[in-house]
Amino acid sequence: MLLAIDTSAGTSVAVVDRDRGIIAERASADTRGHAEIIGTYIDECLRESGVAIAALSGVVAGMGPGPFTGLRVGIAAARAFALGAGKPVVRVVSHDAIAFAEYGSVQRPASSTEPLLVVTDARRREVYWSAYEGTDAAGLPQRVGPAGLCVPADLERAVPDYSRYRRLDASTVSAGAMGMLAEALFVAGEPFADAQPLYLRSPDVTVSAGPKRVS
Amino acid sequence: MSDAQAPGPLVLGIETSCDETGIGIVRGTTLLANVISSSMDEHARYGGVVPEIAARAHLDALEPAITAAVAEAGIHLTDVDAIAVTSGPGLAGALMVGVGAAKALAVALDKPLYAVNHLVGHVGADVLRDDGTELELPTVALLVSGGHTSLLLVRDLVTDVELLGETIDDAAGEAFDKVARLLGLPYPGGPEIDRAAVGGDPGAIRFPRGLSHQKDMAAHRYDFSFSGLKTAVARWVEQKRDSGDEVPLADVAASFREAVADILITKAVAACRDLGVPRLLLGGGVVANARVRQLAQERCDAEGIALRIPPLSLCTDNGAMIAAIASQLIAAGHPPSGLAFSADSTLPVTTIQG
């Protein structure tokens with residue numbers, strides 16, 4: 001059983017089990033209140049699921065891509081929870097969870113060959129995108145390269161063979177789907193995501209040329 | 001009795017309001033661990049704290065800092081009685097990392113969580129001193145850092161803190177950084193100005209003391225302003241350079257520092273006198289400045305004011321001071337904050353528990 005946390009879009013928390021599926025899930029599409037609601041969501045999911053913390057095998061962190069302020073809250077929470085509970089953290093690319101849920105039911109992953117383009121809001125009038133060439137036999141989405149960032153008008157140029165893909169604009173990421181994807185990755189022995197959050201943007205700062213004159 | 005068995009609740013405090021990831025562990029008023037991971041070096045090339053860089057650094061530093069603090073305190077994480085976290089004021093994105101982590105940690109450990117005001121934390125740091133002296137109240141507190149310049153009247157650490165005044169523009173620490181920059185000195189400015197001021201004449205140039213004129217004193221008796229001072233230094237330096245003269249770096253640095261120290265201590269001492277409170281507590285990173293401390297001591301001695309300055313490791317931002325306030329809240333029977341509180345970048349000092 002896993003506790004899954006994602007704040008790459010809104011806030012989503014779930015407790016999942018490989019056999020029982022999504023046992024409890026809380027989600028909010030609010031793109032600002034992550035730090036406010038995350039604790040309550042974790043607490044409620046654990047209570048509702050009736051799953052003891054000791055019975056969890058790990059914590060799943062959604063690594064984005066996502067706007068940085070919110071994205072960090074979920075990753076910080078996942079790491080801190082895991083530390084307190086003495087459990088490992090595993091990491092999943094948030095777009096992969098969207099694709100996983102889109103290709104089949106998260107409980108019974110289906111195999112697919114349909115090219116899929118997942119697009120989410122990156123704020124500042126930009127979007128994050130990830131391209132998938134269907135799934136493998138186990139229903140695990142097959143991403144083509146890393147996620148990208150561009151203005152919406154540039155998507156057709158940024159995504160190679162754009163017209164091949166069915167485009168899916170998503171505004172939420174389900175932590176339940178993410179948790180089930182983590183279970184499926186584990187069973188298949190596939191790797192989890194890297195430890196670095198997928199901000200896809202450098203901090204918005206430039207080194208100034210020097211002090212300006214005041215007189 | 002070892003420190004780990006000292007009386008009082010065992011509290012782990014998390015502080016992420018600016019560029020320092022602070023994890024402190026206290027039992028009652030006994031300091032067990034004070035781990036600080038600073039992203040200061042990453043901000044140096046920008047001449048000041050970059051909020052996004054600070055927030056990213058908190059995310060990377062939190063887990064190792066918690067682990068290090070637990071080891072330093074000689075406890076197990078599961079031993080703690082409560083978690084405390086700074087909920088404001090501070091940089092929003094930075095605060096949210098600590099708040100998110102603290103909530104998750106509290107749920108994982110099934111322990112109560114206390115949201116604590118950062119500025120009150122700076123005052124609370126004083127209870128962790130192990131020199132056998134005790135904080136006497138009421139006291140006036142002057143908190144000066146790169147992000148804050150606040151004058152408080154503290155009647156009770158957990159129920160009664162009043163904001164007397166604060167900066168209306170730059171924080172004093174920020175003024176040190178900006179003036180260092182225009183003098184061609186690196187960041188952070190405080191220690192650089194100190195170094196440059198060696199041998200300089202603090203009376204060489206009479207830089208302005210912000211909000212000290214009669215007309216300002218009516219509305220801003222205990223408020224501070226440093227942006228005019230920064231501009232005055234810039235103008236003075238530009239005139240020197242324009243006329244082809246060499247800028248007397250030591251005199252400028254010493255005179256600027258004197259202007260900052262003078263106005264800070266003048267207003268703090270005036271508050272003590274006006275309010276009939278013969279006690280002054282200093283806190284915040286600018287306390288590291290020897291001239292500020294020295295001037296405070298001189299003026300307080302002359303006025304019969306008892307001056308308290310916690311050790312520097314507890315004056316800069318740290319998690320131990322946050323844990324210390326939570327420990328006081330618990331001792332006073334205050335209920336925990338629950339899980340629904342926000343990170344509030346402008347949390348007023350009167351809200352001691354967020």
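The values are calculated or read from the model by the stated rules, or taken from the named source; none is laboratory data. Note that the structure is predicted; figures quoted are calculated from it, not measured. Heads up, the Cβs are rebuilt from the backbone with ideal geometry, glycines too, and the neighbour counts pull from every protein chain shown. Each accessible area value is taken on the protein alone, full model and side chains, heavy atoms only, with ligands, DNA and RNA left out. Shrake-Rupley method; radii C 1.70, N 1.55, O 1.52, S 1.80 Å.
In this assembly, the A-B interface accounts for approximately 3100 Å² of buried accessible surface in total, computed with a 1.4 Å probe and without ligands, DNA or RNA. Phi angles across segment B:143-150 convert, under the Karplus curve 6.51 cos²θ - 1.76 cosθ + 1.60 with θ = phi - 60°, into 3J(HN,Hα) values of 10, 10, 8, x, x, 9, 9, 10 Hz, Gly and Pro given as x. Between B:ASP131 and A:ALA188, the FRET efficiency from the beta-carbon distance, with R0 = 51 Å, is close to 0.25.
Accessible surface of B:VAL144, taken over heavy atoms with a 1.4 Å probe and every protein chain present, rounds to 10 Å². Less than 5 angstrom separates the built amide H of B:ASP344 from those of B:GLY88, all sequence-distant by 5 or more or on a different chain.
Heavy-atom accessible area, probed at 1.4 angstrom with all protein chains present, ranks B:ARG308, A:ARG157, B:ARG299 as A:ARG157, B:ARG299, B:ARG308, highest first. Computed from backbone phi, the HN-Hα couplings of segment A:66-71 come to x, x, 4, 4, x, 3 Hz, rounded to whole numbers (Karplus: 6.51 cos²θ - 1.76 cosθ + 1.60, θ = phi - 60°; Gly and Pro given as x). Averaged over the residues of peptide A:203-213, the number of Cβ atoms from other protein chains lying within 10 Å of each residue's Cβ is 5. Annotation: the antiparallel percentage among DSSP beta bridges lying fully within the protein assembly as shown is about 65.
Computed from phi, the 3J(HN,Hα) profile of segment B:67-73 under the Karplus parametrisation 6.51, -1.76, 1.60 (θ = phi - 60°) reads 4, 5, 5, 4, 5, 4, 7 Hz, with x in place of Gly and Pro. Based on protein heavy atoms only, segment A:2-188 ends up with 39 Å² per residue of surface accessible to a 1.4 Å probe. Distant-in-sequence amide contacts of B:ALA306, defined by a placed amide H-H separation under 5 Å and a gap of 5 or more residues or a different chain, comprise B:ARG279, B:LEU280.
Restricting the calculation to alpha carbons of chain B gives Rg and Dmax of 20.3, 68 angstrom.
The Cα trace of segment A:2-188 gives Rg and Dmax of 15.9, 49 Å, the first to one decimal, the second as a whole number.
Judged by the mean number of other Cβ atoms found within 10 Å, the most tightly packed of the peptides A:167-179, B:170-182, A:26-38, B:95-107 leads the ranking B:95-107, B:170-182, A:167-179, A:26-38.
Taking 7 Å steps out from each Cα toward its Cβ at A:SER171 and A:ARG124 produces label points 2.3 nm apart. Compute the label zone of A:ARG164 within segment A:92-117: residues whose backbone N is under 13 Å from the point 7 Å along Cα-to-Cβ. From segment A:92-117, the list is A:113-117. Antiparallel DSSP bridges in segment A:2-188: what percent, to the nearest 5? In segment A:2-188, DSSP labels about 65 percent of beta bridges as antiparallel. Using a probe of 1.4 Å, the accessible surface attributed to B:ARG257 totals some 40 Å² when neighbouring protein chains are kept in position.
The accessible surface of segment A:2-188, taken with every protein chain in place and a 1.4 Å probe, is 48 percent carbon and sulfur.
Mean partner shielding of peptide B:88-98, defined as the number of other chain Cβ atoms within 10 Å of each residue Cβ, is 3.
Compute the distance in nm between two label points, each set 7 Å from the Cα along the Cα-to-Cβ direction, one at A:GLN107 and one at B:LEU275. It is 6.3 nm.
For the pair segment B:7-22 and segment B:92-153, the centres of their Cα atoms are 7 angstrom apart.
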